[in-house]
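All remarks here apply to the structure that follows.
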Amino acid sequence: MARPPEEPKSRSEPRGNAVSQSIDALLADEVKVPPPPGMKDQANVRDLEIFDRFSEEHFPACFEEYARLLDWDRPWRTVLDTSKAPFWKWFVGGELNAAYNCVDRHLERHGDKAALIFVSEDESQPAQAVSYRDLYRRVNEFACLLRDFAGIRRGDRITFHLPMTPELPVSMLAAARIGAVHCQVFGGFSGAACGTRIADSGSRVLVTMDGYYRNGHWISHLDNVGAAVETAESLGQPVEKVLIWQRTPGKPPGSYRLKEGRDFYLDEVLPRYHGKAVPPERMRSEDPLFLMYTSGTTGRPKGCQHSTGGYLAYVTTTAKYILDIKPQDVYWCTADIGWITGHSYVVYGPLALGTTSVLYEGVPSYPDAERPWRISESLGVTIFHTSPTAIRQLRKTNPEGPARHKCRYRVLVSVGEPIEPEVWRWYHGKVGKGRAAVVDTWWQTETGGFLCSTLPAIHPMKPGSTGPALPGIYPVILDEEGQPVERGSGRAGNICIRNPWPGIFQTIWGDPQRFVDQYYKRYNRDPKSTDWRDWPYFTGDGALEDTDGYYRILGRIDDVIKVAGHRLGAKELESACLQVPGVAEAAAVPLADEVKGRVPDIYVALRPGVTPSSEMADRVKTTIIERIGKIAAPQHVYIVEDMPKTRSGKIMRRVLAAISNGVEPGDVSTLVNPEVVDAIRMIAGRRVGEGPGLSGETIRREVRDLD
Ligand code: WT7
């Protein structure tokens, strides 16, 4: 399985003429775009020699270069400890504090500089700068409150259910300062979804906010507290304190009634800690910094545990090398901090580098699709980071919008889903005015930071392809039998990373067996081995590699549906449906969407005697929203008489996905009830060939039948 080390030179050469026979014939023809001229003289990484420094013969010591960007209280003894494979430990013996690295160490030189610029969705509100000195004060006061008022100690988990305001990074850094493990739950998730994460992480304290602005509306976020606490308690985890930030101090609390002795407005408690400082805890490099919950094959979200030293070193250095962040940059990433992109590339990476990170409260297209360009122009944003969904939306609504503004981006970043070549060209041509480097970064919640991307000053860009692997990342595409797919053949397979790297997550919180089973077991050659070469990391993505060493990511192969770049588990959607009385069976499948990439379509079969009705379908939809959140709202809920099933009783999700997307379902001879196909097609009201849907090939790769 081992393959020769990368040959750096081949990376920048134009692609050869090998014909890729499969799906990607079209993309393989995509012409490469050279990096912007002039960038090479100023970029943080200026030549391909970096790939020599990070070649396999220098692994793992090469990653000391990453750790050296941080301030350590105590140096590490061992770069990589593999003795408990695949539970890798990076920079063992080293001690440091993440909040110190993101705040304190910048005070002397950059104390007055803006660490954060908060932009309210309400455009009449002026942008608010939080200097590194302000941030230091706010982090210390809240850290003190967490310790002395909420009784939080080193190693305790604490759940945040916060929207996009400066209180979120303040809370994260305060937790990190005292060595607590923060678990931020995406603010758009429902109270119930927050509650399951409180219970899983064993948090005694919930930090939330009264509300926030989204799409022009005041969202009364406090209404989620009841469901969060009840759900956590029903799962055996009592919540002792709920600490409530106020988006606008003095605003009346709406219908929510605070529970005496448990719920506290921080505006009332925080003044007691005015001017107080807390020394940063000396954390071991491998102590957990945070948990980030994400979806996978089963119905239960996984708490991905990220380390302090390895994670912080990885995000800091990749922010410097790939995003090309310099201290004088104004950097804006639109990702919600409730997802990994926000943790790594709104908060930890940029702040560790001492740059200015813009934090925008709302949706990019509010009140109109020129808002991002107005914000960028007025704040002088130099690096802009967003998702293909946002780019598609902005382009669709106002394709000429960027031309009306004097934005001067040096780097444009795309993350979270594949970006279509024509969308890429708009981003590069109209948003970047042809002068910016576009980096299409591929990675995952589990990987902490980027895995594949072009280097902005060096590599030619190829629309629709993420690019080559980052320095020190050695991918391989394996087939079902574990054999490497021939390099440059353009044949699809399962993309894996052969080696550990500092940003890789440490385990699934509370479930180390699931960690090994889902990410390493598949291609592991010897479960007792302590040699990293025996433990390729299984990403769950399908991909192909072109002759130039650029990867093209084809999408998930593990029942994850990426909706507007957000990761939803088909099983999670299905278990939500099964909560509705009368529903006997449920299947969730991806439906192509012009803006969001994919949206879920739901099929349910009812118990005998239950009458199908539109109320029933509505109940399924509202239950999904209650249990997961609005982002999971299905496009359609179809009530069917019978699910297409195999002889062994598996629900054939692929057949349903084919019906939703208007393509031929392919071979249905294994069905026990082939006659249901036409009946379901009638209900779904979609004929073959109608409208743009996912191709049969994509469905076969992305959708699996249900046990
Ligand atoms: C999945 C991970 C990456 C952080 C935010 C999402 C898909 C991610 C790309 C890209 C094509 C991409 C993959 C991956 N994905 N980036 N540049 N091109 N696909 O993290 O929620 O854990 O999702 O997002 O399928 O596995 P996540």
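Tabulated results
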{"quantity": "Projected-area mean, segment 57-128, by convex hull of Cα positions, square nanometres", "calculated": "8.2"}
{"quantity": "Label point distance in nm, residue 687-residue 123, each placed 7 Å from Cα along Cα→Cβ", "calculated": "4.4"}
{"quantity": "Compactness index (Cα Rg / 2.2 N^0.38 Å), segment 212-306", "calculated": "1.40"}
{"quantity": "Segment 208-277: GluC sites (Glu not before Pro) in DSSP loop, at most 15 other beta carbons within 10 Å", "calculated": "240, 260"}
{"quantity": "Overall dimensions of segment 281-346 as given by Cα atoms, namely Rg and Dmax in Å", "calculated": "14.0, 44"}
{"quantity": "Where N is the number of residues in the chain, Cα Rg divided by 2.2 N^0.38 Å", "calculated": "0.93"}
{"quantity": "Cα-based reach from residue 396 at 18 Å (exclusive), listing aspartates and glutamates while leaving out same-chain residues under 8 positions away", "calculated": "368, 370, 417, 420, 422, 593, 594"}
{"quantity": "10 Å binning of all Cα-Cα separations within segment 321-362, expressed as whole percents from 0 upward", "calculated": "32, 59, 10"}
{"quantity": "In order through segment 638-645: 3J(HN,Hα) via Karplus (6.51 cos²θ - 1.76 cosθ + 1.60), integer Hz, x for Gly, Pro", "calculated": "9, 9, 10, 6, 8, 8, x, 10"}
{"quantity": "Likely footprinting exposure, 251, 89, 32, fewest C-beta neighbours within 10 Å first", "calculated": "251, 32, 89"}
{"quantity": "Sequence-separation-based contact order of segment 325-418, relative, with Cα cut under 8 Å and 6+ spacing, percent", "calculated": "30"}
{"quantity": "Segment 274-392: C-alpha gyration tensor shape, a/c 1.5 cut-off, then a/b vs b/c", "calculated": "oblate"}
{"quantity": "Residue 251 versus residue 514: modelled label distance in nm, points set 7 Å from Cα along the beta carbon direction", "calculated": "3.5"}
{"quantity": "Loop-located GluC sites (Glu not before Pro) in segment 625-707, at most 15 other Cβ atoms within 10 Å (DSSP)", "calculated": "641, 675, 690"}
{"quantity": "DSSP beta bridge pairing in segment 234-312, given as percent antiparallel to the nearest 5", "calculated": "65"}
{"quantity": "The chain - mean residue ellipticity at 222 nm from DSSP helices (-39,500 (n - 2.57) per run, n ≥ 4, rounded to 500)", "calculated": "-7000 deg cm²/dmol"}
{"quantity": "Of 89/630; 302/650; 521/645; 621/645, pairs whose Cα-Cα distance is over 31 Å", "calculated": "89/630"}
{"quantity": "Segment 217-307, relative contact order in percent, only Cα pairs under 8 angstrom and at least six apart counted", "calculated": "18"}
{"quantity": "Exposure proxy ranking, count of Cβ atoms within 10 Å, fewest first, for 173, 70", "calculated": "70, 173"}
{"quantity": "For the chain, size of Cβ-based charge dipole, Lys and Arg +1, Asp and Glu -1, in debye", "calculated": "940"}
{"quantity": "Extent along principal axes [Cα atoms of segment 166-279; Å; largest to smallest]", "calculated": "37, 33, 29"}
{"quantity": "Relative contact order (%) - criterion: Cα under 8 Å, at least six apart; region: the chain", "calculated": "13"}
{"quantity": "Cβ-based charge dipole, segment 555-627, positive-most Cα from 583, 573, 616", "calculated": "573"}
{"quantity": "Debye-sum result for segment 255-297 in log10 I(q)/I(0), which assumes one identical scatterer on each alpha carbon, at q = 0.21, 0.24, 0.26 Å⁻¹", "calculated": "-0.90, -0.90, -0.94"}
{"quantity": "Calculated Rg and Dmax of segment 394-540 using C-alpha coordinates, Å", "calculated": "18.5, 61"}
{"quantity": "Centroid-to-centroid separation of segment 581-596 and segment 75-135 [C-alpha atoms, Å]", "calculated": "39"}
{"quantity": "D (Stokes-Einstein, µm²/s), Kirkwood Cα radius, segment 528-602, 1.567 mPa s at 4 °C", "calculated": "86"}
{"quantity": "P(r) weight above 12 Å for segment 209-248, C-alpha pairs, percent", "calculated": "64"}
{"quantity": "Distance in nm between pseudo-label sites at residue 77 and residue 481 (7 Å out along the Cβ direction from Cα)", "calculated": "4.6"}
{"quantity": "Förster radius 30 Å - calculated FRET efficiency between residue 298 and residue 262, Cβ distance, rounded to 0.05", "calculated": "0.40"}
{"quantity": "P(r), alpha carbons of segment 548-707 - 10 Å bins starting at zero, rounded %", "calculated": "11, 42, 36, 9, 2, 0"}
{"quantity": "In segment 353-433, the trypsin sites (Lys or Arg not before Pro) that fall in loop regions by DSSP, at most 14 other Cβ within 10 Å", "calculated": "406, 408, 433"}
{"quantity": "Exposure proxy order (Cβ contacts within 10 Å, fewest to most) of 428, 405, 274, 217", "calculated": "274, 217, 405, 428"}
{"quantity": "Within the chain, percent of DSSP bridges classed antiparallel, to nearest 5", "calculated": "60"}
{"quantity": "Net length gained if the chain between residue 648 and residue 220 were fully extended (0.36 nm per residue, minus Cα distance)", "calculated": "149.4 nm"}
{"quantity": "Volume in Å³ per residue [convex hull over Cα atoms, computed for segment 158-222]", "calculated": "73"}
{"quantity": "For segment 72-198, the spread of Cα positions along each principal axis, largest first, Å", "calculated": "56, 44, 29"}
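Values in this text are rule-based calculations from the coordinates and carry no lab data. What you are looking at is a predicted structure, and each value in this text was computed from that prediction instead of being measured. Backbone-built Cβ (ideal geometry, glycine too); neighbour counts: all protein chains shown.
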